[in-house]
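Here's the structure we're looking at; comments come further down.
The values are calculated or read from the model by the stated rules, or taken from the named source; none is laboratory data. No experiment lies behind these values; they were computed from the predicted model shown. Cβ placement follows ideal geometry from the backbone for every residue including glycine, while neighbour counts extend to all protein chains displayed. What goes into the accessible areas is simple: the full protein's heavy atoms, side chains included, and nothing from ligands, DNA or RNA. Shrake-Rupley method; radii C 1.70, N 1.55, O 1.52, S 1.80 Å.
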Amino acid sequence: MARYMVERIFPDGLAIPITDDGAATCRGVVDRNAELGVTWVHSYVSDDKRKSFCIYDGPDPESIRRAAERNGLPIENITRIKVLDPYFYK
Amino acid sequence: MVPDADGQGGGLSLGMLGPLAVERSGEPVPLGGRQQRAVLAFLLIRHGAPVGVSVLADALWGERVPAGSVQTVQTYVSHLRDALSPGRDRWARSRYLRTERNGYRLVLDGDRVDAVEFEDGVARGLAAVERADFEAGKAALTAAFGLWRGAVLADLADYGFVPPVAARYAELRAAATEALIDARLGLGEHRSLIPELDALIAADPLRERLHGQRMLTLYRASRQSDALAGYRTLRALLDEELGIEPGRPIQQLHASILAQDPALDWHPPGPVREAAASGASPARRHLGARFGLAGGSGDLLERDEQLAALKRHLSAVTTSMAGRFVFVGGEAGVGKTSLLRRFCAKQPARILSGACDALATPHPLGPFLDIAAISGRFQDVIAGGGQPYDVAASLLDELRSSRPSILVLEDLHWADDATLDVVRLLARRLETVPVLAMGTYRDDQIDRTHRLRVLIGELATWPGVVRLGLSPLSARAVAELAAPYRVDAAELYRSTGGNPFFVSEVLAAGGSRLPQTVQDAVLARVARLGPPARRLVESVAIVPAGIDVGLLEALEPAAMDSVEECLASGVLTSTAGGVAFRHELARMAVEISLPANRRIALHRAALAALSDPEHGPVDPARLSHHAEAAADPEAVQRFAPGAAAIAAQVGAHSEAAAQYARALRFAQDLPEERRAELLSKQSTECHLIGDYRVAIETRKAAVEAYRHLGDRLREGDALRAMSANLRCFGLVPEASEAGRAALEILEPLGPGHELALAYANRTMLALNIEDAVATRAWGVRTQELAEQIGDRASLVHAMNSVGTLGYLLGDDDGRADLERSLDLCKRWGFREQAGRAYIHLAWASVRRHDYGRAAAYCREGLEYCVDHGLDAWRFEILGHQARRLLDQGSWDEATEATARILGSLNMNTNAVARVLGLTVVALLRSRRGDPDHNAPMREARALAGPTGEIQLLLPVATATAEVAWLEGEPAAMAAADSATGELLDQATRYGASSAISELAAWRRRCGLPTPAIAVGVGPYALELAGNPGAAAAAWLDLNCEYEAAVALCAGDAEHHREALRIFQRLGTRPAAAIAARLLREGGARGIPRGPRPSTKGNPAGLTTRELEVLGLIGQDMRNRDIAQRLHVAEKTVDHHVGAILAKLGVSSRGQAARAAARLGIGASR
């Protein structure tokens, strides 16, 4: 399983309210991803909510793209990433 | 007796959890130099025990004990005595450091040692956590940790005796840490725990339990994805560091998190826990012990209805203050206990829970013993040997309160008479007490005369008594559970019958194996049957799909009376014509448990009964199964080859291969000729299903056997067949060698069918490397011989090869020949040759950019191969299909096709299919700017390299060039140079014109030197002729937008602008960057950034047409009206509507309109 950072651009801003609807939206994304073996780990969202950096685990970039398509999410760029933890250097 | 010099004991405080420290009344005691402190430390570790001087000396100096060491030790001890008892009488006996024979002993009495206190505190804390007293546990453990001042004997760590002691306390400390986390989890402190756990894991990354606790903590803090990520991190870590998988508890926790098991949720500790703990059977404790959860981790899919029913009953009890009794029935392992647990976990009511035991003689009033502790009075009644009436009355008294209670009685099918009497009395007084009583029972284990069944029947009409049935999981639910594992969900459903216990056990055991737990559970159940019933069950176990009554009678005439008992016990179930095990797993468990002699005897009897024609039509497949299990070689030879032939005839080639393999396992006594024949047939079947390894191996054995027999004709023919086996596996040089060897043997034997096929094989080998001259020459020889001897097989074979060559070279007659060979193959029944014709049609049409025909060939070919079980052929066509889709811009579909090729488990050996799939994947990633294109390219290169076949080398070479063009890296460019250069030489040598222009075009695009070549026709030729505009137009005619834009990159600024526009629309960032750079270099300004791919789509990925239709649906238009408005057929609109519903994930037009409004798409935009 590889880890990817998916950059997304939302011209109109991304709004997932912290309500039951928002939770349902997120769960919907998670469920649809699961069918493809893709896991949405978490995301960072820019202050203006127009850009997000989403960390995903998945078998390959195609699965990431398919998951995005099923969820109606845009993709700007996909990068394969690994963790660099400054506190693990000794 | 000499009095102690310092009378007052208990004044010292000794510390080793940190640098060695001794205090007296809070004042530090000076201990002297390191050696001296080491003496005290050593004695402290062994305090209370005598320590010899020589042992002390060893501890201090190791192997280099100096002379005079005894005196030195004496001096240290003397100084220590002074330090520990200041102002003591030198001649009095020391209170602390006693002299023993040959040594010393540190005596502590009422003094404090931090290590001892730590151990006590940890023991108390662990015990408290164990009994779920989390407050006390936390207090004791926190206090214990407070004793630590640093690393154990930190100032003396370089003495050899310190590390083992330090390790022991570190281990204890780690266990205590985990227990403290458990306690804090139990107290609901999950939110504050995360940073601590992170730090602990950072310090000790391989400690699995910490990872598990962190996962649970994150999950409870609503960070499910982090919890799952934690699992993956651990898994990767263990794999990397130790090469192992996470332990089973962690795996189960992972599965529970995925399933959002409510048992993971935090519940305030309370009476529930106490009652449940006392009543828990070992099995349930085992389940509950996973991570100290309140409940087991059984899954609760498809139980919403039952939970809702229970909720309704409880609220009815609450409002009416009258009780209800719910009997929850279902087969063993169906999840009755899990259901009740899940239900109870969410209820604020008082919960009393007890269970019956599976003892031959059940304990009287068993479940009520479990709940006796609720009150002293009730306990007295039970302990005093109360009669059922007293017990029921006392229990009713206890339940008569203002708040409703929940009473859980588990496994009532095992209940003793007294318990059932209490249940009966309770049920009849229900209306007087606010209780929701729930009793679970296995409805497949109580026959009509079972006491419980009688009781339930009797109470059935009583008000407030209801039954609730639980059925096994559906195939869908099983698939959902299996999703995170690499398990065949359909097979899992079949073997478990949807029984949740079996499903979860199989998944926990890692998939296909028969888990020990299941085996134990099944055998325990069979063991409770009477001896005749057991015999019967064993007989049934040897017949996989279930046994019909006739066979059963033949096998066990004496045991037929026990059928009823087996059915009642739930071990067997009745089927249309007989009986069968309820679960395939259960059957396997019983079959495996049979002693070998009994198993063989049963299979022999079955074999005899089934081969008796009076029993019905003889089924060789079934008989060969029993023949093998009966270890009867003669019978295997009688039935297995016949079964294989039947399977092959209907296109079930895997089964055919398996039957031949079975026959070969028993072929020791066969004549060699017969064995060679079986080997050849098995090889053919294996080739058809793409199992080339075995195909080659068995064919080799056949060649050997024929050579040994001196049968030259068959030896040569087998070599010819092996040539094809080798070639499909990608071993082209070996294939050519075998093909030549076949000819060497066959040619001297004169004209014949085998020789003609050997010529046809040479034709095919020449075609595969696209050697035009050789292909034609061998083709002519084949056709001449075939016509001479009237051999159809070799004739169509050669016609196919020569026709393919012509089609590849752009010759329409070639295509016609190829199509004609396809027709003849179909007419004459050469299925494999027909499949090969489809492969070649797909190959040549894609190469010639003849995409319209390619689509039809691929579609028809895939259908034909599916219909005739030609798996290997199918995947090769799929490879060409993937390439066609890529070229035609259907990238998502191309992705699907490659996923099918590369994801197929049993089709990973066909070189053509795999190379095509890999190159298409690499190109898709590279064009989109996605990562990970190197790995598939590397694999494709490795596979294609040794084959020398242009059809494999060309896609690899051009993909290498395209990647280099997109990246512009010097290393990639060098790879592209050598790949395209060498192949261009080969293509030129063989006259493979279609490959020549493509390779030359890519070399020019990459700025690599391009030799002067004869320019042919087609878009590549136009581009090479210096006419990129015309090339692009040709590409656009072929519906290849991407290729058109690439061609335009060789043009002027206007071309570049157009290329940029296309690349931007396609979302191919790297290529767009190239076009933009070309524009800039040409001095252009105001380069359009273009619409981002992210904004061109819409949330559901609907096409423009679908958006249009959706808009009209939103205006409540019917399909017929929409069709009129859009000037299309109504059927087309039906199709669009179907696609829209699927994409939006809704089931009606109304929902679609609402979804459109919510997503802001459709008419509003």
Go through B:Arg989, B:Arg1004 for me and flag whichever is open to solvent by 30 Å² or more (accessible area, probe 1.4 Å) and modelled with pLDDT of 90 or more. B:Arg1004
Scan B:Arg848, B:Arg859 and give me the residue that is open to solvent by 50 Å² or more (accessible area, probe 1.4 Å) and touching a Gly at 6+ places or on another chain (Cβ under 9 Å). B:Arg848
Please give the helices (runs of 4 or more DSSP H) falling wholly within the stretch B:509-607 in which 3 or more residues are within 30 Å of B:Arg248 (Cα to Cα). B:516-527, B:584-593
Search result, residues across the stretch B:185-241 that are within 28 Å of the chain's Cα centre (by Cα) and touching a residue at least 60 places away in the same chain (Cβ under 8 Å): B:Gly212, B:Gln213, B:Leu216
When restricted to B:Thr804, B:Thr898, the only residue of a type in the set (S, T, N, Q), over 36 Å from the mean Cα position of the chain (by Cα) and surrounded by 24 or more Cβ atoms within 10 Å (Cβ to Cβ) is B:Thr804
Look through A:Gly13, A:Gly72 and report the one residue that is farther than 21 Å from B:Arg235 by Cα, open to solvent by less than 70 Å² (accessible area, probe 1.4 Å), facing chain B (nearest Cβ under 9 Å) and not charged (D, E, K, R). A:Gly72
Where in the stretch B:23-128 are the strands (runs of 3 or more DSSP E), entirely inside, with at least 3 residues that are in contact (Cβ under 8 Å) with a residue 12 or more places away in the chain and surrounded by 16 or more Cβ atoms within 10 Å (Cβ to Cβ)? B:103-106
Spot the failing condition for A:Tyr87; the list is (1) at the interface with chain B (Cβ under 7 Å from one of its Cβ atoms); (2) touching a residue at least 40 places away in the same chain (Cβ under 8 Å); (3) over 14 Å from the mean Cα position of the chain (by Cα), and only one is missed. (2)
Is it the case, given these coordinates, that A:Ala2 is more than 10 Å from chain B (Cβ to nearest Cβ) and either open to solvent by 70 Å² or more (accessible area, probe 1.4 Å) or touching an Asp or Glu at 6+ places or on another chain (Cβ under 9 Å) (or both)? no
Given the conditions (1) in contact with an Asp or Glu (Cβ under 7 Å, 6 or more places away or on another chain); (2) more than 27 Å from B:Phe729 (Cα to Cα), report the number of the one that B:Ala756 does not fulfil. (2)
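Quick one: count up the residues across the stretch B:186-208 that are over 25 Å from B:Ala236 (Cβ atoms), assigned to a helix (DSSP H, G or I) and in contact with a Phe, Trp or Tyr (Cβ under 7 Å, 6 or more places away or on another chain). Break it down into steps so the answer makes sense when it comes.
So in the stretch B:186-208, the residues over 25 Å from B:Ala236 (Cβ atoms) come out as B:186-189, B:191-192.
Keeping just the survivors that are assigned to a helix (DSSP H, G or I) gives B:186, B:191-192.
Right, trim to in contact with a Phe, Trp or Tyr (Cβ under 7 Å, 6 or more places away or on another chain) and you get B:186.
Matching residues across the stretch B:186-208 total 1.
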Residues in the stretch B:1136-1158: is at least one under 21 Å from B:Asp892 (Cβ atoms), in contact with a strand residue (DSSP E or B) (Cβ under 9 Å, 6 or more places away or on another chain) and either modelled with pLDDT under 80 or among the small types (Gly, Ala, Ser) (or both)? no
Does B:Ser997 satisfy being within 14 Å of chain A (Cβ to nearest Cβ), buried (at least 21 other Cβ atoms within 10 Å of the Cβ) and touching a helix residue (DSSP H, G or I) at 6+ places or on another chain (Cβ under 8 Å)? no
Condition met for B:Val912 (touching a Ser or Thr at 6+ places or on another chain (Cβ under 6 Å) and either within 14 Å of chain A (Cβ to nearest Cβ) or outside any loop (DSSP other than H, G, I, E, B) (or both)): no
Considering each residue of the stretch B:445-501, count those that are of a type outside the set (Gly, Ala, Ser), at pLDDT below 85 and open to solvent by 50 Å² or more (accessible area, probe 1.4 Å), and give that number. 20
Quick one: which residue in B:Leu237, B:Leu218, B:Leu242 is modelled with pLDDT of 80 or more and either surrounded by fewer than 19 Cβ atoms within 10 Å (Cβ to Cβ) or among the basic types (Lys, Arg) (or both)? B:Leu237
Using the structure shown, decide if B:Ala777 is among the hydrophobic types (A, V, I, L, M, F, W, C), without any contact (Cβ under 8 Å) to a residue 60 or more places away in the chain, buried (at least 17 other Cβ atoms within 10 Å of the Cβ) and in a helix (DSSP H, G or I). no
Of the residues in the stretch B:5-22, those that are buried (at least 16 other Cβ atoms within 10 Å of the Cβ) and at pLDDT below 85 number 2
By residue number, the members of the stretch B:306-328 that are open to solvent by 60 Å² or more (accessible area, probe 1.4 Å) and either outside any helix (DSSP H, G or I) or touching a Gly at 6+ places or on another chain (Cβ under 7 Å) (or both) are B:Met321, B:Arg324
Subset of the stretch B:649-666 that is part of a helix (DSSP H, G or I) and hydrophobic (A, V, I, L, M, F, W, C) - its residue that is most open to solvent (accessible area, probe 1.4 Å): B:Ala658
Within the stretch B:541-561, track down each residue that is of a type in the set (Gly, Ala, Ser) and surrounded by fewer than 21 Cβ atoms within 10 Å (Cβ to Cβ). B:Ala545, B:Gly546, B:Gly550, B:Ala554, B:Ala558
Note on B:Ala151: of the conditions (1) part of a helix (DSSP H, G or I); (2) under 49 Å from the mean Cα position of the chain (by Cα); (3) not charged (D, E, K, R), unmet is (1)
Do we have any residue at all in the stretch B:356-371 that's in contact with a Leu (Cβ under 6 Å, 6 or more places away or on another chain), among the aliphatic types (A, V, I, L, M) and farther than 19 Å from B:Leu470 by Cβ? yes
Just checking, how many residues over the stretch A:37-69 are part of a loop (DSSP other than H, G, I, E, B), open to solvent by 20 Å² or more (accessible area, probe 1.4 Å) and more than 10 Å from chain B (Cβ to nearest Cβ)? 5
Inside the stretch B:609-648, the number of residues satisfying the requirement of being part of a helix (DSSP H, G or I) and either touching a Leu at 6+ places or on another chain (Cβ under 6 Å) or under 22 Å from B:Leu552 (Cβ atoms) (or both) is 18
Can you name every residue in the stretch B:1035-1069 that is more than 19 Å from B:Ser890 (Cα to Cα) and of a type outside the set (Gly, Ala, Ser)? B:Leu1048, B:Cys1049, B:Asp1052, B:Glu1054, B:His1055, B:His1056, B:Arg1057, B:Glu1058, B:Leu1060
The stretch B:926-939 - residue that is within 11 Å of chain A (Cβ to nearest Cβ), assigned to a helix (DSSP H, G or I) and open to solvent by 20 Å² or more (accessible area, probe 1.4 Å) and, of those, nearest to A:Thr79 (Cα to Cα): B:Arg928
